[in-house]
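J.: Take a look at the following structure, please.
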Amino acid sequence: MMVTRLWRALEQMGGPDGFEAAGVAAFWREKIGEEFNIIKGTLLRTMPDPADCYPCLRECGCQHEVIRHDSGRIVGVCDCEEWNCDDIPLTEADLVMHELNLSKLGRAIANAFDCNAKEIGFPLQGTRQVAAFGNAALPVVLTIQRDPQELRDVIAQLGIRLRKGFVLLIPTSRLVDATVVELLSNAKAGFFDLESHVTLLPSGKLQAHRKAGELFRPYLPEPEPSASAAEAKRVIEMSSRLNAGAKVRKAPLGVVFEMLVRQGHSQEHAARECGCAPSLISARVAEIEKRMGLPLPQLKALATQLGDMELGKDSRAKSVYRKDFADYTVDDEPDE
Ligand SMILES: [Zn+2]
Ligand SMILES: [Zn+2]
């Protein structure tokens, strides 16, 4: 698959006045080639005013000044000191300005990773939250910076603002150095570069090679102790619905949940008990994690806590457990 040129180009568009991704078609074509035609109608929008200068792609490499003659003729005139460029004949269409629609880009990225789009600005240049992941609404933040120091500053600021952790998306890994990695780790943040994770499809859609459920899950905050009792009850209540719906005979979800989460057995043990391949148990675990919105180790931790509650500390949790799991003992399952 071709590397999407847009990501690297965006990183080069920052300037002294911050991030500004706008230009005429010739500007975009020079940066991203054919990708301009793909994103013109999706991620870019046209600006109300035409350009008053035009990039010279020939000799001087400067911006030619746009001169409109009374005759209606439009030309881009080089005003470099050693002026050696010919005038560039232009049309109104050449001068239409296209700017990146950051909100649309954010939504497209959220969609690509399969998480909820959520736009929140920060008073930080080129930086905004574009999505929230999981029940904990882990912030997924996009930042577009041009030099390493700016990136470090943004991460330090985000670490202070988002104390429970976050996921940072950056266009490329070009600016990532040891300091950046350390700052991110201190901030309990994960980072992913769009260049190696997201591809622009010819349809204009963005495609992520791996989804948030796989990439971002390790950065979900640990549930707070006070919240986890309620969380444990929620998990137990949700687990009672695991067997609803599709009727599978081998290793039903409720049984796998009972063996792995409640009884703490290994997946190999569960495969033996259910008389199925370990890969089927792995698939069931993935499904359970997806439905519960929590990884297996956290589910186990919650189950352990619920076990403590059942030892007389919380009689209501006990009754919930009894009622929900009475039907899901392994012995009730038919043999295959
Ligand atoms: Zn020129
Ligand atoms: Zn010039």
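J.: List the helices (runs of 4 or more DSSP H) that sit entirely inside the range 139-211 and contain at least 1 residues that are basic (Lys, Arg) and modelled with pLDDT under 95.
T.: 148-161
J.: A further question follows. Right, residue 90: buried (at least 18 other Cβ atoms within 10 Å of the Cβ), out of contact with any Gly (no Cβ under 7 Å at 6 or more places or on another chain) and in the same structural domain as residue 20 (by TED's automatic domain parsing) or not?
T.: no
J.: Could I ask something else about it? Testing residue 100 on (1) within 16 Å of ligand 2 (Cβ to nearest atom); (2) surrounded by 14 or more Cβ atoms within 10 Å (Cβ to Cβ), one condition comes back false. Which one is that?
T.: Every listed condition holds for residue 100 apart from (1).
J.: Within the range 215-225, is there a residue that is farther than 25 Å from residue 294 by Cα, within 16 Å of the chain's Cα centre (by Cα) and surrounded by 14 or more Cβ atoms within 10 Å (Cβ to Cβ)?
T.: no
J.: Just checking, how many residues over the range 252-303 are assigned to a loop (DSSP other than H, G, I, E, B) and touching an Asp or Glu at 6+ places or on another chain (Cβ under 9 Å)?
T.: 6
J.: Name the one entry in 190, 126, 165, 106 that is outside the structural domain of residue 54 (by TED's automatic domain parsing) and farther than 29 Å from residue 2 by Cα.
T.: 165
J.: Among 117, 110, 136, which is the only one that is away from ligand 1 (no atom under 16 Å from the Cβ), in a strand (DSSP E or B) and either aliphatic (A, V, I, L, M) or on the phi > 0 side of the Ramachandran plot (or both)?
T.: Within the list 117, 110, 136, the selection yields 117.
J.: Which condition number in (1) touching a residue at least 40 places away in the same chain (Cβ under 8 Å); (2) more than 21 Å from the chain's Cα centre (by Cα); (3) surrounded by 15 or more Cβ atoms within 10 Å (Cβ to Cβ) is the one that residue 113 fails?
T.: (2)
J.: Taking only the range 42-78 into account, find how many residues are among the charged types (D, E, K, R) and over 24 Å from residue 20 (Cα atoms).
T.: Selection size over the range 42-78: 4.
J.: Here is a list of conditions, (1) within 11 Å of ligand 2 (Cβ to nearest atom); (2) touching a strand residue (DSSP E or B) at 6+ places or on another chain (Cβ under 6 Å), and residue 80 meets all of them except one; can you say which number that is?
T.: (2)
J.: Taking the range 39-61 only, how many residues are charged (D, E, K, R) and away from ligand 2 (no atom under 16 Å from the Cβ)?
T.: 3
The values are calculated or read from the model by the stated rules, or taken from the named source; none is laboratory data. What you are looking at is a predicted structure, and each value in this text was computed from that prediction instead of being measured. Note that each Cβ is placed from the backbone with ideal geometry, even for glycine, and that neighbours are counted across all protein chains shown.
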